[in-house]
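Presented below is the structure to which this report refers.
The values are calculated or read from the model by the stated rules, or taken from the named source; none is laboratory data. Just so it is clear, the structure is predicted and the values come from calculations on it, not from any experiment. Backbone-built Cβ (ideal geometry, glycine too); neighbour counts: all protein chains shown. To get the accessible areas, we keep the full protein, side chains included, count just its heavy atoms, and leave off ligands, DNA and RNA. Shrake-Rupley method; radii C 1.70, N 1.55, O 1.52, S 1.80 Å.
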Amino acid sequence: MSTTAVGVTDIAIRGVSRAFGEFKALRDVDLEVASGELVALLGPSGSGKTTLLRIIAGLEKQDAGSVMIAGQESTGLASRSRDIGFVFQHYALFKHMSVRQNIGFALKMRKTPKARIDARVDELISLFRLDGLTARYPDELSGGQRQRVALARALAFEPRILLLDEPFGALDARVRQELRRWLRRLHDDIGVTTVFVTHDQEEALEVADRVVVMNEGRIEQIGTPEEVFSNPANVFVMKFLGNVNVFHARVEHGKASVGGLAIEAPGSTSDSARAYIRPHEMDIHRAGQHADDIPATVAFVNPVGANVKVELLTDAGDVVFVEITRGSYLELGLERDMAVGLRPRVFNIFDDYSI
Ligand code: ATP
């Protein structure tokens, strides 16, 4: 599976902008998706994800910029001529058609011979584990089953590209998790170039080859899940991808330090440097164990789950969240009001702390 845009480019978006009246929904967006990639568009509500997906689909027109699909300029090309299958949240199944008829619909529209439609539908029914449900109507299916039928229907004519807008948005947490793992496996099997929209960080990081983080109509960062999570380009990406603690960093001789850990920070000054540390990137020590630990007091411990979540108050008055293993928790004998020392194992430094 490719993780970077190498090889054949299936989607090339250059300088795409779109405004609705005065409101700029997309601002000068560039994005390339390689053949066979699974890419997530991730961002908060209103960041422009759906607008970008609809422009790729041909359901919306950009005001500026170009969209190439499989090397062809596609601006002005009708949606049905783009070799794209899509599953949008509001693009419901046809209520009056059975599962079988829903899946075969696009092929029937394309005047495919009946024997070929039957063979393809059988193949999809088995691939999507819909055996036994083929004669049912959409309102006789669970939410998860309906989404599987919608995906099978979108893939029936073997499109070059599959676009999914919050495909699991309306489902409960357990079914959502099951379906996203299943989507990953399915993608590995059939390898269709896929772009999906989500506002759920976990979903994007777990499923995608590459994640495109969007904010206010712009792309903030594009990278593998590991790249965007571990090397966020800016404060927005850092904060959007999970809980984070913020500390003032001391800067001396081009190095920034927090609680005994120093990293290179050329160009930073103590006035502007903030260190961003994820809860699982800090250790808790007994008070006084290291002179340069950050002194703090335990405010709350939640020992439920694989990791223990601890809320602390530093002597400087900052609230800090730390996640440690059960082993460390038991060894330290952590409890409320206990005095401890905090030490980061790693941190990111950003000067643009205004967001
Ligand atoms: P969500 O996760 O809530 O769906 P999104 O990131 O997909 O958000 P878009 O649906 O692309 O965001 O919308 C981006 C912005 O453009 C929003 O503020 C939205 O209100 C606005 N917008 C989208 N479509 C239209 C339209 N047809 N007319 C006016 N404004 C629109």
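Computed over the chain, the range of Cα coordinates on each principal axis works out to 78, 46, 37 Å, biggest value leading.
When only the Cβ of Lys, Arg, Asp and Glu is charged (+1, +1, -1, -1), the dipole of the chain relative to its Cα centre reaches about 1800 debye.
Taking the empirical scaling 2.2 N^0.38 Å for compact globular proteins as reference, region 197-339 has a Cα radius of gyration ratio of 1.18. For region 1-156, the dipole from Cβ point charges (+1 on Lys and Arg, -1 on Asp and Glu) about the Cα centre works out to 620 debye, to the nearest 20. Give me the one-decimal Kirkwood hydrodynamic radius in Å for region 138-237, with the sum taken over alpha-carbon pairs. Final number for the Kirkwood radius of region 138-237 is 14.7 Å. Rolling a 1.4 Å probe over the protein heavy atoms of region 253-293, with every protein chain left in place, gives an accessible area that is 50 percent carbon and sulfur. Using the Cβ of residue 33 as centre and a radius below 15 Å, the other residues enclosed give a net charge of -1, where K and R count +1 and D and E count -1.
Of the residues 273, 150, 113, the one whose Cα sits farthest towards the positive end of the charge dipole of the chain is 113 (charges of +1 on Lys and Arg Cβ, -1 on Asp and Glu Cβ, taken about the Cα centre). Comparing 243, 215, 102 in a Gaussian network model of the chain where C-alpha atoms under 10 Å apart are linked, the largest mean-square fluctuation is found at 243. In straight-distance terms, cross-link reach from residue 61 covers every one of the lysines whose alpha-carbon lies under 16 Å from its own, apart from those fewer than eight places away in the same chain; here that gives 24, 49.
Note on region 245-355: with charges restricted to the Cβ of Lys and Arg (+1) and Asp and Glu (-1), its dipole about the Cα centre is near 240 debye. By the helix-only formula, in which each DSSP H run with n ≥ 4 contributes -39500 (n - 2.57) and the sum is divided by residues, the chain has a 222 nm mean residue ellipticity of -7500 deg cm²/dmol. Using a probe of 1.4 angstrom and keeping all protein chains present, the accessible surface of the chain works out to 49 square angstrom per residue.
Measuring only protein heavy atoms, the 1.4 Å probe finds residue 248 accessible over about 130 Å². Once the mean of 1/r is taken over each pair of separate Cα atoms and inverted, region 33-77 shows a Kirkwood hydrodynamic radius of 11.8 Å. Rounded to a whole number, what is D in µm²/s for region 65-177 from Stokes-Einstein with the Kirkwood radius over alpha-carbon pairs (37 °C, 0.692 mPa s)? It comes out at roughly 219 µm²/s. Could you tell me the distance between the Cα centroids of region 270-316 and region 82-112, to the nearest Å? With region 270-316 and region 82-112 each reduced to a Cα centre, they are spaced 53 Å. Counting only Cα atoms, region 211-284 measures 36, 30, 18 Å along its principal axes, largest extent leading. Straight-line cross-link reach from residue 309 at under 27 Å between alpha-carbon atoms covers these lysines, not counting any fewer than eight positions away in the same chain: 239.
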